[in-house]
Every structure is written in structure tokens, then in C-alpha cells.
Amino acid sequence: QAALLRGSLPLHHQGPRHPLQSASKLSLRFEVRRLESARNDWAFIWTHGLTSSVDSEDEGGWPFSGIASLSSLLPVVRYDARGHGESDENDQCTWKAMGSDLSKMHQKMFPNGRMILGGTSMGAAASLYAALEAPEKVGALVLATPPTAWATRQKFVPLYQESLELAEKHGLETAKAVAETKARPPIFLQTESGRACFEIGWRAKFAMGQRRYCAALRGAIQSDLPSPEEIQRLEIPTLILAWKSDAQHPLESAQILHDLLPGAQLCVAESWEEIEEFPARIS
């Protein structure tokens with residue numbers, strides 16, 4: 001049984017955006033799992049995807065709850081990103097801001113250790129931004145289901161804007177009803193666990209509430225991956241995990257990152273069973 005520590009980590013105060021606004025603090029809810037056999041000079045920090053949370057991943061809202069099992073090798077830190085889960089509400093939910101949060105979290109929790117950064121979708125983007133802030137502190141990257149990027153992202157942004165307008169004008173129930181009519185990646189339809197992800201994922205969205213859900217979507221609309229030129233500078237061992245036929249997480253993004261990052265390894269799952277083997281590939 002892994003030792004478990006949960007808490008809330010204050011990161012910083014944000015300066016006011018307007019003279020009449022007061023500065024606001026930001027704290028992130030986190031958990032650390034570690035077995036006695038785990039090394040203590042490294043840590044693995046995992047970031048969830050858009051509108052998800054640690055609890056939602058544990059419930060099966062996205063197929064990466066197995067990341068916690070890596071605590072036999074090194075401490076595993078999972079946390080709710082700004083504006084998500086039990087972390088503080090925040091109107092600035094861009095991926096770059098989340099990358100800065102991730103860097104600050106590492107500095108506060110493991111000031112003398114190195115880190116492996118991993119995340120899925122939005123979390124993969126935040127990990128890339130954090131690695132660019134302090135590449136000397138990052139020993140490896142795990143980029144799972146990278147999101148749309150650059151040209152493909154510009155084509156996808158209108159879908160985010162549609163979801164945002166629905167939620168703002170008609171509420172989350174209507175936004176969910178429309179989402180139910182859209183096709184899901186075929187790999188999610190192979191098993192009961194995959195089919196359940198939609199309902200579990202939407203429970204996390206309802207738990208966020210309309211305001212926080214909309215803030216997260218605005219952050220996604222304003223965000224993109226770092227530029228290809230920036231990514232090429234990262235000489236860090238990288239494992240990229242992907243699957244096919246997912247418009248939000250196209251295989252093209254994973255392949256481009258594989259080409260840009262020196263020494264990167266790409267693993268493409270062909271079945272739900274292979275997705276469940278991802279944590280073993282990381283180890």
C-alpha cells in the first residue's frame with residue numbers, strides 16, 4: 001500500500017489585472033503516493049486533461065488512473081489544475097499558465113530533486129511549457145494523447161467556442177446533450193470502461209459548475225502547444241502515448257512531436273487493453 005499525502009499547495013499571488021481589483025492567491029489540491037521502495041531523488045508529476053481532475057481520473061473519467069501505480073518506483077504527484085477539481089477557481093486557465101504552476105509546484109515540493117513530467121491532452125501541453133521553463137530539472141517527459149496544435153488547432157477552436165456559447169447561454173445540461181450527439185473515438189466503444197468515460201467525465205464538468213467550466217474552455221481557446229522551434233530545443237527523453245481516430249487528440253499531433261523531439265518514442269494503442277498497459281510502458 002502506497003503512503004498517501006493529500007493537501008493544498010499555495011503557489012503565488014496573482015497581480016491585479018485592474019487597479020480596482022485585488023490580488024488573488026492560487027492554491028492547488030494535490031496528492032502524493034510513494035512506496036518505501038521508491039527512490040527519493042526523483043518525482044513523477046502528472047497533470048490531467050481539460051475539465052477533468054484527480055478524482056475523475058480515479059473514477060474512470062479518462063483512462064490514466066493507473067499512473068498512481070508508478071509509486072513503487074518514485075513518488076507520484078497528481079493534482080487538480082487551476083480552475084479544476086478542488087483547486088482554486090481561476091479565470092486564467094491557459095496551458096502556459098498551468099506550465100508555470102507545474103514548475104512552481106516542483107520547486108516547492110522537491111526543490112533539490114529532478115522530475116519526470118507527464119500529462120494527458122491539456123496536461124501534456126502544461127508539461128511541455130514547464131519543461132521549457134526549467135529544462136535542467138526535467139529528466140523525462142510523458143506526453144499522453146497530445147491535443148490539436150498549430151494549424152489543426154485553429155480548425156478545432158470553433159468547436160470549443162460552440163461548446164462555450166452553449167454552456168454560457170443554456171447551461172451544462174444542454175452542453176452535455178449536444179456532446180452526446182457527437183461521435184466518440186472508436187477505441188472508447190470497445191469496452192464498458194471506455195463507454196463509461198463519457199458519463200464519468202461529465203460528472204466532473206457538472207462538479208466544476210458553469211463558471212469554472214466556461215473559464216477552462218476559454219483557456220483552451222486561448223492556448224496552443226509551444227512553437228515547433230521551442231519544442232525542438234528540448235533534449236529530454238520523451239515517451240509519447242496516443243491512439244487513432246480522435247479528433248481532439250489527433251495522431252498527427254503525436255507524430256509531429258515525435259519528429260520534433262530528439263530521441264522521442266511513440267507508442268500508439270490499437271485497443272483498450274493496450275491503453276490500460278500505458279502505465280507499464282511508462283515504468
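The values are calculated or read from the model by the stated rules, or taken from the named source; none is laboratory data. Predicted model only: the values in this text are computed from it and were never measured. Counting neighbours? That spans all protein chains shown, and the Cβs are built from the backbone with ideal geometry, glycine included. Protein only, heavy atoms only, side chains kept; ligands, DNA and RNA dropped before computing areas. Shrake-Rupley method; radii C 1.70, N 1.55, O 1.52, S 1.80 Å.
Over the chain, calculate the relative contact order: mean separation of alpha carbon pairs under 8 Å at least 6 apart, over the residue count, as a percent.
For the chain, the relative contact order is 20 percent.
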Cα Rg, Dmax (largest Cα-Cα span) when computed across segment 224-283, Å
12.2, 35
Residue order for Arg212, Arg203, Arg114 - accessible surface, 1.4 angstrom probe, largest first:
Arg203, Arg114, Arg212
So what's the projected area for segment 103-220, the Cα convex hull averaged over all directions, in nm²?
9.1
Taking the highest mean first, how do the peptides 269-278, 153-162 order by number of other beta carbon atoms within 10 angstrom per residue?
269-278, 153-162
Per the 1/(1 + (r/R0)^6) rule, R0 = 35 Å and r from the Cβ atoms of Ala177 and Ser69, FRET efficiency to 0.05 is 0.45
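Nearest 500 deg cm²/dmol is fine: what mean residue ellipticity at 222 nm does the chain get from its DSSP H runs of n ≥ 4 alone, each adding -39,500 (n - 2.57), divided by its residue count? Before the final figure, lay out each step's value.
On the way: 10 runs with 117 residues, N = 283.
Using -39500 (n - 2.57) per qualifying helix, the result is -12500 deg cm²/dmol.
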How do Leu4, Leu117, Leu132 rank by accessible surface area computed with a 1.4 Å probe, from largest to smallest?
Leu4, Leu132, Leu117
What is the gain in length, in nm to one decimal, between Gln190 and Leu251 on full extension, counting 0.36 nm per residue of separation less the C-alpha to C-alpha distance?
20.1 nm
In what sequence, highest mean first, do 76-84, 228-236, 60-68 appear when ranked by Cβ atoms within 10 angstrom?
76-84, 60-68, 228-236
Evaluated at 4 °C with a viscosity of 1.567 mPa s, what Stokes-Einstein diffusion coefficient in µm²/s does segment 129-283 have when Rh comes from the Kirkwood expression over alpha-carbon pairs?
75
Over 28 Å between Cα atoms, which of Lys25/Lys176; Lys25/Lys137; Lys25/Lys155; Lys155/Lys182; Lys205/Lys244; Lys104/Lys205 qualify?
Lys25/Lys176; Lys25/Lys155
Alpha carbon centre of segment 155-172 versus segment 230-278: separation in Å?
27
Compare the peptides 135-145, 43-53 by average per-residue count of other Cβ atoms within 10 angstrom and give them in order, highest first.
43-53, 135-145
Could you calculate the FRET efficiency of Glu199 with Lys155 from 1/(1 + (r/R0)^6), where r is the beta carbon distance between them and R0 is 25 Å, rounded to 0.05?
0.35
Work out how much length Glu270 to Ser37 would gain on full extension: take 0.36 nm times their residue separation and subtract the Cα-Cα distance, in nm to one decimal.
80.6 nm
Give the average over all directions of the projected area of the C-alpha convex hull of the chain, one decimal, in nm².
14.6
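Hey, can you find the accessible area per residue of segment 39-192 for me, probe 1.4 Å, expressed in square angstrom?
Heavy-atom SASA per residue in segment 39-192 reads 38 Å².
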Taking all protein chains as present, what is the carbon and sulfur share of the accessible area of the chain, in % to the nearest whole number, probe 1.4 Å?
50
